[in-house]
1. Quick one: which residue in LYS32, LYS59, LYS70 is among the charged types (D, E, K, R) and within 14 Å of the ligand (Cβ to nearest atom)?
2. Pick out, from segment 196-306, the helices (runs of 4 or more DSSP H) lying fully within it that include 2 or more residues that are assigned by TED's automatic domain parsing to the domain that holds LYS93 and not charged (D, E, K, R).
3. Here are some conditions: (1) assigned by TED's automatic domain parsing to the domain that holds PHE12; (2) crowded, with 23+ Cβ neighbours inside 10 Å; (3) over 10 Å from ASN306 (Cα atoms); (4) more than 9 Å from the ligand (Cβ to nearest atom). ALA89 meets all but one. Which one does it not meet?
4. Which condition from (1) buried (at least 24 other Cβ atoms within 10 Å of the Cβ); (2) within 16 Å of the ligand (Cβ to nearest atom); (3) not aromatic (Phe, Trp, Tyr) is the one that ALA52 breaks?
5. Restricting attention to segment 8-18, report how many residues are away from the ligand (no atom under 12 Å from the Cβ) and assigned to a strand (DSSP E or B).
Amino acid sequence: MIKVLVATDKPFAPVAVEGIRKTIEGAGYELKLLEKYISQSDFVKAVEDVDAVIIRSDKATKEVIEAGKKLKIIVRAGAGYDNIDLAAATARKVVAMNTPGQNSNAVAELAMGMMVYMARNLFNGSSGTELKGKKIGIHAFGNVGQLVGQLAKGFGMDVYACDPFIPSDQIEKHGVKALNSPEELYAKCQYISLHIPANEKTKKSINYELLSKMPRGATLVNTARKEVIDEEGLMKIFAERSDFKYISDIEPDCKNDLVTGYAGRFFFTPKKMGAQTAEANINAGIAAARQIVDFFEKGDTTFKVN
Ligand code: 3PG
């Protein structure tokens, strides 16, 4: 019998787990659940006897992949798959997939909420500012970026976007102004919402040079990945500009330096919570389970990323 492991350090909502169970067991497979595990070795051990794995931000390292002697497929229930060692998966002929778009709305809503939170001075009761009429730059116009664009228009913001992989005319079909480079985007917008993936090209690409272009009253919103930020550059901006604010869904390594020097100008969620809604968990979790069933039953590899 095909065995599917759901390994989630940050568990899905119970209703999503039920949906995953129905999909897996409905196909005649067995579900194995590993939630809130203490150490990576628990994951390594749990993968030993399974054919498929569903993860979130859990690290599918070379060690995990090699421990999965029967493993044929890993599905990242979510968008970013920088947590899968793709080379190791490919070497072992393990198919890696993501579930693009399934949790995007949750992340986009959080990005907007974060902007309001910073504009209203972390809800401390003092007089803040409004989003209406401000310029927002959407850095990468994929599933989440497009939804942020829609929501930002609802707030009355002036919306710009830049994406190296999407032609300007496609971006502009969404009623958003396309800019040719991140440099132009950062120079134009008080708010920047990051939606780039973490990869060799993007790591540390949000650097001092780029951030220093932002106009006065700048707020950087990061619901993407901490690795894309050049934290040395970020600290330099904080030291130079008292108007600069940063809010992120991922705690940076420089958190303590910010806490000691710049209270009130930054905020970090305690655990990445962009996709932490029942709806997003249901969408991404069940999509992952279906993709596994379709892979085994029909050989479907539509969302393969390796
Ligand atoms: C994603 O890449 O889909 C998001 O970062 C969500 O990650 P999570 O499932 O770990 O919350």
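The values are calculated or read from the model by the stated rules, or taken from the named source; none is laboratory data. All values derive from a computational prediction rather than experimental measurement. Cβ: placed from backbone, ideal geometry, glycine included. Neighbour counts: every protein chain shown.
1. Details: LYS32 fails: within 14 Å of the ligand (Cβ to nearest atom); LYS70 fails: within 14 Å of the ligand (Cβ to nearest atom).
Answer to the check: LYS59.
2. It comes to 278-298.
3. Here ALA89 meets the rest and fails (3).
4. ALA52 satisfies every listed condition except (2).
5. Residues that pass the stated criteria total 0.
This table checks each residue for (1) within 26 Å of TYR186 (Cα to Cα); (2) charged (D, E, K, R).
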{"residue": "GLU231", "(1), (2)": "yes, yes"}
{"residue": "ARG241", "(1), (2)": "yes, yes"}
{"residue": "CYS254", "(1), (2)": "yes, no"}
{"residue": "ASP257", "(1), (2)": "yes, yes"}
{"residue": "ALA287", "(1), (2)": "no, no"}
{"residue": "ARG290", "(1), (2)": "no, yes"}
{"residue": "ASP300", "(1), (2)": "no, yes"}
